[in-house]
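The values are calculated or read from the model by the stated rules, or taken from the named source; none is laboratory data. Just so we're clear, the structure is a prediction, and the values are computed from it rather than from any experiment. In this analysis, Cβ positions are derived from the backbone assuming ideal geometry, glycine residues included, and neighbour counts consider all displayed protein chains. Side chains are part of the model used for accessible areas, which takes the heavy atoms of the whole protein and leaves out ligands, DNA and RNA. Shrake-Rupley method; radii C 1.70, N 1.55, O 1.52, S 1.80 Å.
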Amino acid sequence: MRTGRSIFQANPDTAFHKMFGKLSKSQLRLFFFISLALFCVFAFLSEARAQVDDQDKAEQAAAKQKELEKNSLKLLDEVIVSASSLKLSENRSYVLTAAADLLWPHDEKRARSLFWQALGALNLPPYVENNSPAPRNQNDAAKPARVPTKEQQEELSKYYARINARDDFLRKVAQHDAQLALDMLRSTRQGLPPNMPGASRFDQEAALEQEFTFQAAASDPKRALQIAHESLAKGVSYQVLNLLREVNQKDQDAGTQLAGDIIEKLKTENLNATNSFAAFMVESLLRSSSESGAVLVATHDTENPSITRLKLADQQRQDLVFLLTDAALSATSSANVLRIVQWMMPEIQQYAPDRIARLKARTAEYNQTLPPQQRFDNFNGKFDNATTEEMIHAAKNVPDDQRGALFYLASSKAIERGETEKFRELIGSEIDDESARKAALDALDMQQIDYDLAQGKTDDLQKLLPLIRVKEQRAIAMAQLALLLEKKDQHEEAVKLLDQARDLVKVNLTDNAQSNALLAVMYACAQVDPPKAFAMIEPIIDRTNDELAKLLLLDKIVKSGATKNGELILNQQQFPLDSRMMQYSAGVVALGKADFERTKSLVDRFQRNELKVAGKLMLAKALLRDAESGAK
């Protein structure tokens, strides 16, 4: 007997029965199937509408990005035109070089022309043969070395400044086209330094030409292998290692072949020879073929940090380890080899474990010959199993230059073990020296901030804020937390936190800590509440104008070298503008995306023309580089 009732046996008094009671069961079934189908259709349409909305948003974002890139290229055009208004030829060359570098992916033909204009702006003198040695006689060896006169020193300084500026320029060109850099180098030969006391007779130009020749050959693996073999016949060099990196990026099999040739050559080299490059090459080959894929050697290309791991057989890696350890265990082992061995212990443990004990004894003996501050010390290894309390006690006995590192290590362990509060109390009770106690607390705060940010623990970071002793560090933590809250759609909380952070920062352009805190807060405001970022920056630029006017007035009396012919030198060696652009580019991008025109107007607030040109260049570079990274 069925106790349940079908939906089709509805109570006659229900609204359902009044509506559908006269329909047959088959008609009712049909109705429900239709209803179900309509529900599915509407659900699908709703989902499709959501997908269309997402697609619309994506299209709008792409259109906005395209418009931003268009505006950035237009701004770059303004920079190129403005370059002619600069008084100093080195400033014009710097701006044109940077513009050509940015323009290359968009208009290679025009970029090439700009590079030639930038080379012309360097005003290099025509080549003069200066290779003849200074006249000598039999008594020269017995005479004391001559001291260059003031005029000779000035001439040498100008020569080296000219050579270095040209070399820097040519390396930037070579990043795009090594053959073009070679053509430019050969058309502007400078020759050897003047033949006078204090002048090095090293042919820097020949070395640069070889570097570009190798770089140009890297695009053709067969040609690269031929050039590498010719060079290896003379010995191992930086150029061969750089060429290996370039070849390996383009053709890993060709890279493996070239590496094999280099290893065979290394077997004939004396790793302990004075200033031997062979030992460094062994280390580099081992690191670059490890699973971590370390970089073969530092290059001038900072825009392409991705590196292809070098593919070596285990036998080849073992050969390299044997070369290194044989040199270290020989009676004439050099300091260079012994230093490298201490860093390569994991590889030695893998391929030559039977040599570990002897090598440790040899390196320990070597370490004792060094001053204490230069000794290789497995600092972290000493405290692998130590408690935080033991590390605090040990801090009293370690050298001053190691105490800070020990505090950071102890803080990291405390956080990892969930003993943060206990460690904070330990610092207060066990460290008597006030400066050491502050250093330990600062280390703990910084480690805790990084940990909470990485883990997205906004609540824990909120609780930590009042405990952070240094207000500049607290402001930075608040700015970073605000960015995290903004990502979690907690906009109001982020804005409120930034308002509090703004009260902690001051405009003091001579204090690095305060400047860093100010930049961190402005950067966060640029992404969370752009109008407030603009409101912070505008008066700072006005103040900068005032301070700069005073400094330039003083510079007329006390020559600082920051100006020449009444114009600021944009890219000074002690204050390279390129590194500053990289440091602040993320904030510039955030402002540019929020309001391009207002960001551009910030630059126009500068009173000096050269700063306006540099500022527009910085804005264009930040936005175009950001667009390129987004496209990749």
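Some notes on this structure:
- The H on the amide N of GLN572, modeled in the peptide plane, is under 5 Å from the matching H of LEU577, each at least 5 residues off or on a different chain.
- Fraction of accessible area attributable to carbon and sulfur, the stretch 495-541 (%, probe 1.4 Å): 53
- Environment charge of ASN91, counting only residues whose C-beta is closer than 12 Å and scoring Lys/Arg +1, Asp/Glu -1: +1
- Protection proxy ranking, peptides 538-548, 247-257, average beta carbon neighbours within 10 Å, highest first: 247-257, 538-548
- Residue-level accessible surface for TRP116, protein heavy atoms, 1.4 Å, Å²: 110
- Electrostatic bookkeeping for LEU338 treats Lys and Arg as +1 and Asp and Glu as -1; over the other residues with beta carbon under 10 Å from its beta carbon, the sum is +1.
- Cβ-based net charge around ARG403, under 13 Å, with every Lys or Arg adding one and every Asp or Glu removing one: -1
- Mean Cβ neighbour count within 10 Å, used as a protection proxy, ranking 227-238, 400-411 highest first: 400-411, 227-238
- In order along the stretch 280-288, phi translates into HN-Hα couplings of 5, 5, 4, 4, 5, 5, 5, 5, 6 Hz, rounded to whole numbers, per the Karplus curve 6.51 cos²θ - 1.76 cosθ + 1.60 with θ = phi - 60° and x for Gly and Pro.
- Nonlocal amide H pairs with THR563, under 5 Å, H built at 1.01 Å: ILE569
- Spin-label model, GLU492 to GLU628: label points 7 Å out along the Cα-to-beta-carbon direction sit 4.4 nm apart.
- Remark: spin-label model distance LYS463-TYR160 equals 5.8 nm, labels positioned 7 Å along the Cα→Cβ axis.
- 20 Å reach of a label modelled at SER113, 7 Å along Cα-to-Cβ, counting backbone N of the stretch 75-95: 75-86, 92-95
- Our coupling estimate for the stretch 540-552, obtained by passing each phi through the Karplus curve with A = 6.51, B = -1.76, C = 1.60 and θ = phi - 60°, is 5, 5, 4, 5, 4, 4, 5, 5, 5, 4, 5, 5, 6 Hz, Gly and Pro reported as x.
- Here the Karplus curve 6.51 cos²θ - 1.76 cosθ + 1.60, taken at θ = phi - 60°, turns the phi angles of the stretch 325-335 into couplings of 6, 4, 5, 5, 8, 6, 5, 10, 4, 8, 4 Hz, with x standing for Gly and Pro.
- Computed over protein heavy atoms with a 1.4 angstrom probe, the accessible surface ordering of LYS621, LYS593, largest first, is LYS593, LYS621.
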